[in-house]
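Before any comments, here is the structure.
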Amino acid sequence: MNSSTTDDLQLSCRGTWRSYDGTGGLPGPMITICQDRDGYLWMGSYKSGASRYDGEVFRTFTTAEGLAGDVVWTIFQDQAGDLWFGTWTGLSRYDGQTFQNFTTTDGLVHDQVQAIAQDPEGRIWIGTEGGLSCYDGHAFQNYTTADGLADDEVNALVLDPEGRIWIGTEGGLSCYDGHTFQNYTTADGLVDDE
């Protein structure tokens, strides 16, 4: 996939490029994209919510449909098939029918969500502007620099085969093994701490 401008989406199918923009149903500039297990493409936009593309038409979801916010930074599908949307104003879980939203009021460490991952136990890990949250389906456990995280602004998350979570932050890379954080910075050979 490639984008000719920030407002257009282009898909290549069998060597033919097809462009999508506002005239074709795409609501605004795209920030992130995710393909769900049913083959739908989900796009997160800047100020226009999230859109699902079924191969023919776009369906857009905004705060009017229950999404936590209209700036969608990240989209993730969990093991059960639910979609998670990280927005500037909270976290949304979509079960295909309704949205359930989570904010700092519910225990999330910060409302600006930038990364989402899931561990083998089914817990959802959420990287935010203000730290890392882990949601077990009932409550949030939060981690910040006070707990050993390299920096509170978390931009990326990935789990490795050993079950460790790697956390890309504005202040370096952290690896959490379930007990402690090991941090890596330019002093350890990283090109940059961000």
Quick one: P(r) of the range 68-141 from all Cα-Cα pairs, 5 Å bins, percents rounded to integers, in order of increasing distance.
4, 19, 33, 29, 14, 2
Once amide hydrogens are built 1.01 Å from N within the peptide plane, the residues lying 5 or more places from residue 128 or on another chain with amide H under 5 Å from its amide H are 114, 133, 154
Whole-Hz Karplus couplings 3J(HN,Hα) for the range 114-123, θ = phi - 60° and coefficients 6.51, -1.76, 1.60, Gly and Pro as x, run 10, 7, 9, 8, 9, 8, x, 7, x, 6
Averaging the inverse of every distinct alpha carbon separation and then flipping it gives the Kirkwood radius. What is it for the range 96-139, in angstrom units?
11.0
For the range 44-194, what is the accessible area per residue in Å², given a 1.4 Å probe and the full set of protein chains?
47
Out of 19, 174, 45, a Gaussian network model of the chain with alpha-carbon springs under 10 Å gives the largest mean-square fluctuation to 19
Please list 3J(HN,Hα) in residue order for the range 86-101, calculated via the Karplus relation 6.51 cos²θ - 1.76 cosθ + 1.60 where θ = phi - 60°; whole Hz, with x for glycine and proline.
x, 10, 5, 10, x, 10, 10, 10, 10, 9, x, 10, 9, 9, 10, 10
Computed Rg/Rh for the chain (Cα atoms; Rh = Kirkwood radius) stands at 1.00
Of all C-alpha pairs within the range 127-194, those more than 20 angstrom apart amount in percent to 22
Using a simple spin-label model with points 7 Å from Cα along the Cα→Cβ vector, what separation in nm is obtained for residue 146 and residue 89?
2.8
With unit charges on the beta carbon (Lys/Arg positive, Asp/Glu negative), name the residue among 185, 98, 134 whose Cα is farthest towards the positive pole of the charge dipole of the chain.
98
Sequence order, the range 67-81: Karplus ³J(HN,Hα) from phi using 6.51 cos²θ - 1.76 cosθ + 1.60, θ = phi - 60°, Hz rounded, Gly and Pro as x, gives 4, 4, x, 9, 9, 10, 7, 8, 9, 9, 9, 8, 4, 7, x
Hey, any idea what Rg/Rh is for the range 29-88, computing Rh the Kirkwood way over Cα pairs?
0.93
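Return the carbon/sulfur percentage of the accessible area of the chain, one whole number, probe 1.4 Å, all protein chains in place. The partial results should precede the final answer.
Numbers: 4340 of 9830 Å².
Summing carbon and sulfur atoms, their accessible area is 44 percent of the total for the chain.
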Neighbour net charge for residue 119 - beta-carbon separation under 13 angstrom, K R +1, D E -1
-4
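The values are calculated or read from the model by the stated rules, or taken from the named source; none is laboratory data. None of these values were measured; they are calculated from a predicted model. Here Cβ is always computed from backbone atoms with ideal geometry, including for glycine, and neighbour counts include all displayed protein chains. The accessibility values were calculated without ligands, DNA or RNA, using every heavy atom of the protein model including side chains. Shrake-Rupley method; radii C 1.70, N 1.55, O 1.52, S 1.80 Å.
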